[in-house]
Amino acid sequence: MNKRSIQEQTITKQLRILFRAIQAHSRTVEKICGLSSAQLWMLYEVSLSDGIKVTELATALSIHRSTSSNMLDKLEKKNLIYRDRSKSDQRSVHIYITQQGKELLAQAPSPPQGQLSKTLSKLTGEQVTDLETSLQVFVDTLHYDDLKACMTPIQEE
């Protein structure tokens with residue numbers, strides 16, 4: 001087997017590990033607190049910035065605003081967050097964590113922002129830059145045309 005074939009096999013195995021680690025964390029979160037890992041991360045972000053707006057939350061999670069709204073609906077139904085419409089600007093909605101949400105967050109597995117985000121934060125600036133560059137070349141070569149794919153959490157699909 002030549003060096004290139006070995007590298008391709010190694011990368012395939014590494015990608016499998018990456019996806020399985022994300023899936024395993026998601027299953028653990030779901031089992032312990034009844035939320036997807038993306039919902040847990042969202043709840044965590046709301047707890048950090050009580051009164052955060054939907055757009056700010058979507059940006060923090062790197063998801064589309066409509067996806068954020070749909071996830072917030074689920075959290076609100078579980079009484080983990082509540083929304084408050086601004087009196088001065090009815091279009092502006094602020095999101096707050098409830099006491100029940102705080103209690104759930106205190107019992108939730110770590111890291112609340114997800115395994116992928118936590119791991120990326122441990123890399124050096126140079127490692128992040130190299131990874132970003134290499135993954136962009138890889139993604140471009142895939143020719144995958146679903147532009148929404150990057151704005152949807154993996155376990156929410």
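Whether any residue in region 137-156 is assigned to a helix (DSSP H, G or I), out of contact with any His (no Cβ under 7 Å at 6 or more places or on another chain) and among the aromatic types (Phe, Trp, Tyr) is what I want to check. Within region 137-156, one or more residues are assigned to a helix (DSSP H, G or I), out of contact with any His (no Cβ under 7 Å at 6 or more places or on another chain) and among the aromatic types (Phe, Trp, Tyr).
Of all the residues in region 38-87, those that are more than 11 Å from the chain's Cα centre (by Cα), under 22 Å from Gln99 (Cβ atoms) and acidic (Asp, Glu) number 4.
Is it fair to say Glu45 is surrounded by 14 or more Cβ atoms within 10 Å (Cβ to Cβ) and among the acidic types (Asp, Glu)? Judged against the criteria, Glu45 is a match. Using the structure shown, decide if Thr67 is in a helix (DSSP H, G or I), surrounded by fewer than 15 Cβ atoms within 10 Å (Cβ to Cβ) and either in contact with a Gly (Cβ under 8 Å, 6 or more places away or on another chain) or not aliphatic (A, V, I, L, M) (or both). No.
Could we say that Leu142 is surrounded by fewer than 11 Cβ atoms within 10 Å (Cβ to Cβ), at pLDDT below 85, of a type in the set (A, V, I, L, M) and under 29 Å from Arg16 (Cα atoms) here? The answer is no for Leu142.
Which one is surrounded by the fewest Cβ atoms within 10 Å (Cβ to Cβ), of the residues in region 81-132 that are assigned to a strand (DSSP E or B) and of a type in the set (Lys, Arg)? Filtering first and then ranking leaves Arg85.
The rows are residues; the columns are (1) out of contact with any helix residue (DSSP H, G or I) (no Cβ under 6 Å at 6 or more places or on another chain); (2) free of Cβ contacts under 8 Å to residues at least 24 places away in the same chain.
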| position | (1), (2) |
| --- | --- |
| Asp73 | yes, yes |
| Asn79 | no, yes |
| Ile95 | no, no |
| Thr98 | yes, yes |
| Pro111 | no, yes |
| Leu120 | yes, yes |
| Gln127 | yes, yes |
| Glu132 | yes, yes |
| Val137 | yes, yes |
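Taking region 30-55 as the range and being part of a loop (DSSP other than H, G, I, E, B) and of a type in the set (Ser, Thr, Tyr) as the test, the residues that pass are Ser36, Ser49.
The values are calculated or read from the model by the stated rules, or taken from the named source; none is laboratory data. Note that the structure is a prediction, hence the values are computed from the model and not measured. Backbone-built Cβ (ideal geometry, glycine too); neighbour counts: all protein chains shown.
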